[in-house]
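Pasting a structure below so you can have a look.
The values are calculated or read from the model by the stated rules, or taken from the named source; none is laboratory data. No experiment lies behind these values; they were computed from the predicted model shown. Glycine gets a Cβ as well: all are built from the backbone with ideal geometry, and neighbour counts include every protein chain shown. All accessible areas refer to the heavy atoms of the entire protein, side chains included, with ligands and DNA or RNA removed. Shrake-Rupley method; radii C 1.70, N 1.55, O 1.52, S 1.80 Å.
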Amino acid sequence: MKRHYNFAVLFLVALALVLVPNVAPLQAASYPEKPINYIVPWAAGGGSDVMARTIAEIIRKHNLLPQPVVVVNRPGGSGAIGMNEVFQKKGDPYTIIGVVSGQISTPLAIKAPVDGSMFAPIANMAMDEFLLVVKTDSPFKTAEDLIEAAKAKPDVVTVGGSGTTGSEDHMCTGLVMKAANVKLKYVPFNSGGEVMGALLGGHIDSAWANPNECLSQIRGGLARAIAIAAPERIQLFPDVPTFKEMGYDAVYRQFRAVSGAPQMPDYAVKTIAEALKKVSETEDWQKGYIEKNGLTSLYLGPEEYAKFLKDVKEEYRQILVELGVL
């Protein structure tokens with residue numbers, strides 16, 4: 001009887017070994033079977049939120065996935081709350097997260113345990129620019145005016161930005177200070193909306209903003225862009241000079257990407273990456289999102305995006321060292 005029992009056990013073990021390797025292909029063939037949660041670790045209405053909702057709508061409109069992508073905002077802690085939540089979902093094929101430059105640089109600066117490079121790389125989607133903006137009636141007609149004022153009164157001229165130490169806006173401020181040999185007073189806020197509100201309310205002298213964060217204010221005659229930290233002028237604001245052409249080596253661009261939960265299965269990464277590539281090729285994306293918001297479209301698949309993340313993390317580390325943060 002014991003021999004028959006042992007044989008039965010061995011048979012079940014052998015059967016399991018045959019079936020287990022086939023589980024992944026079955027999962028891949030039916031994936032996704034339920035909605036995919038797209039975590040945005042920033043407030044609604046900001047640049048990351050706009051991209052997430054654009055992607056979700058294009059996927060729905062063009063039936064690029066059999067299940068919807070659901071955008072979930074988890075703001076707070078300069079992206080830390082949302083990142084920590086996704087970091088706990090190791091291996092989850094149904095959770096993705098929006099990643100931008102500050103989710104790597106800020107954790108580096110404050111030595112946080114989780115940063116944006118620790119998730120499963122899926123795809124980079126775009127590069128965003130940074131404009132230095134003032135109120136329309138500001139005495140600073142040009143960036144040179146602002147820099148000269150900062151030279152005359154160090155640490156008095158204020159520059160508002162989203163995020164604290166190590167954020168993109170903070171690094172842009174540091175790059176300008178280093179390039180122009182001036183001291184500016186950086187004032188942090190929780191979102192781009194708060195920054196623009198403070199600028200228009202006269203609480204700060206100038207502000208950093210992505211094009212989509214200040215476009216309506218500029219077109220409405222409430223604000224003016226006096227410089228851009230891009231390698232060259234952009235089509236949306238052809239009359240706004242770069243710091244580089246003014247003789248200041250201050251170039252910084254924000255990447256906008258999508259990653260998955262740590263250890264996300266390969267089949268999920270591949271499926272979502274293919275859908276995002278199709279998203280990037282639609283007119284809705286190129287005209288309705290990229291051109292409309294003054295971005296540069298740059299799709300990088302999982303492998304290219306993984307290498308890109310490694311490179312930019314080291315680049316940000318060097319900037320923070322130069323700024324004396326690290």
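For residues in region 198-218 being assigned to a helix (DSSP H, G or I) and at pLDDT 95 or above, which is surrounded by the most Cβ atoms within 10 Å (Cβ to Cβ)?
Narrowing region 198-218 to residues assigned to a helix (DSSP H, G or I): 198-200, 211-218.
Narrowing the set further to residues that are at pLDDT 95 or above leaves 198-200, 217-218.
Details: Ala198: 16, Leu199: 27, Leu200: 16, Gln217: 20, Ile218: 19.
Ranking the qualifying residues of region 198-218, first place goes to Leu199.
With respect to the numbered conditions (1) farther than 24 Å from Ile104 by Cα; (2) modelled with pLDDT under 95, which one is the sole condition not fulfilled by Phe189?
It fails just one condition, (1).
It is to be established whether one or more residues within region 291-306 are among the β-branched types (Val, Ile, Thr) and open to solvent by 30 Å² or more (accessible area, probe 1.4 Å). Give the derivation first.
Pass one, region 291-306, residues among the β-branched types (Val, Ile, Thr): 296.
Adding the requirement that they be open to solvent by 30 Å² or more (accessible area, probe 1.4 Å) leaves 296.
There is at least one residue in region 291-306 that is among the β-branched types (Val, Ile, Thr) and open to solvent by 30 Å² or more (accessible area, probe 1.4 Å).
Residue check, Glu33 against (1) modelled with pLDDT of 95 or more; (2) touching a Pro at 6+ places or on another chain (Cβ under 9 Å); (3) assigned to a helix (DSSP H, G or I), all met but one. Which one?
It is condition (3) that Glu33 fails.
From Ile58, Ile39, which residue is in contact with a Lys or Arg (Cβ under 8 Å, 6 or more places away or on another chain) and either assigned to a loop (DSSP other than H, G, I, E, B) or aliphatic (A, V, I, L, M) (or both)? Step through it out loud before you land on a result.
On the way: Ile58 fails: in contact with a Lys or Arg (Cβ under 8 Å, 6 or more places away or on another chain).
Matching residue, one of Ile58, Ile39: Ile39.
Filter region 291-326 for residues that are small (Gly, Ala, Ser), modelled with pLDDT of 90 or more and not in a helix (DSSP H, G or I) and give the result.
Restricting attention to region 291-326, the residues satisfying the condition of being small (Gly, Ala, Ser) are 294, 297, 301, 306, 324.
Among the residues that remain, those that are also modelled with pLDDT of 90 or more are: 297, 301, 306.
Once the filter is applied, which keeps residues that are small (Gly, Ala, Ser), modelled with pLDDT of 90 or more and not in a helix (DSSP H, G or I), region 291-326 yields Ser297, Gly301.
Next question. Pull out all pairs, ordered by first then second residue, where Cβ-Cβ is under 9 Å, the residues are six or more apart or on different chains, the first lies in region 198-212 and is without any contact (Cβ under 8 Å) to a residue 60 or more places away in the chain, and the second is surrounded by 20 or more Cβ atoms within 10 Å (Cβ to Cβ) and among the aliphatic types (A, V, I, L, M).
What qualifies is Ala198/Ile204; Ala198/Ala207; Ile204/Val159; Ile204/Val195.
Return yes or no: is Ser167 within 17 Å of Ser48 (Cβ to Cβ), surrounded by 21 or more Cβ atoms within 10 Å (Cβ to Cβ) and at pLDDT below 90?
Numbers: within 17 Å of Ser48 (Cβ to Cβ): yes; surrounded by 21 or more Cβ atoms within 10 Å (Cβ to Cβ): yes; at pLDDT below 90: yes.
It is true that Ser167 is within 17 Å of Ser48 (Cβ to Cβ), surrounded by 21 or more Cβ atoms within 10 Å (Cβ to Cβ) and at pLDDT below 90.
A further question on this structure: Among (1) in a loop (DSSP other than H, G, I, E, B); (2) at pLDDT 95 or above; (3) of a type outside the set (S, T, N, Q); (4) touching a Cys at 6+ places or on another chain (Cβ under 6 Å), which single condition is Val182 missing?
Failing condition for Val182: (4).
Which of the residues belonging to region 175-195 are crowded, with 22+ Cβ neighbours inside 10 Å and in contact (Cβ under 8 Å) with a residue 60 or more places away in the chain?
Result: Val176, Ala180, Gly192.
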